[in-house]
Amino acid sequence: MAKKDFEEQILRRLDAVIALMLEPQTKEMNVKDKVERLYNLGLDYNQIATILNKTPGNIAVIINSLKKKDGKGTN
């Protein structure tokens, strides 16, 4: 198995583990709160999208709205 394939397998498994660990703690949370928590932990749009089974574009919209709410937007 190539090193890249092995690394991709590890990443997929870590994404699955994170999603499983996140579920009981966030069962009552909405998607926006879950995104905010994962983003604050340092995950990027693509990682969050994979974990929450959403599109990266959807995650980007949520994160941008959170930044605007906190006064960190570019406007």
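Each reported figure results from applying straightforward, stated rules to the coordinates on display, with no laboratory input. Bear in mind the structure is a predicted one, so any value in this text is a computation, not a measurement. In this analysis, Cβ positions are derived from the backbone assuming ideal geometry, glycine residues included, and neighbour counts consider all displayed protein chains.
Details
- F6-N46 FRET efficiency (beta carbon distance; Förster radius 22 Å; 0.05 resolution): 0.70
- Rounded to the nearest 500, the helix-only mean residue ellipticity at 222 nm of the chain stands at -24000 deg cm²/dmol, with each DSSP H run of n ≥ 4 adding -39,500 (n - 2.57).
- Prolate/oblate/rounded call for the stretch 3-69, Cα gyration tensor, a/c under 1.5 rounded: oblate
- Among L11, L22, L52, residue whose mean-square fluctuation peaks in a GNM of the chain (springs only between Cα atoms under 10 Å): L11
- Here the dipole of the chain is about 220 debye; that uses its Cα centre as origin and unit charges on the Cβ of Lys and Arg (positive) and Asp and Glu (negative).
- Reducing the stretch 1-21 and the stretch 29-62 to their Cα centroids gives an inter-centroid distance of 18 Å.
- Cross-link pairs K4/K54; K27/K69; K34/K68; K3/K32 - those with Cα-Cα distance over 26 Å: K3/K32
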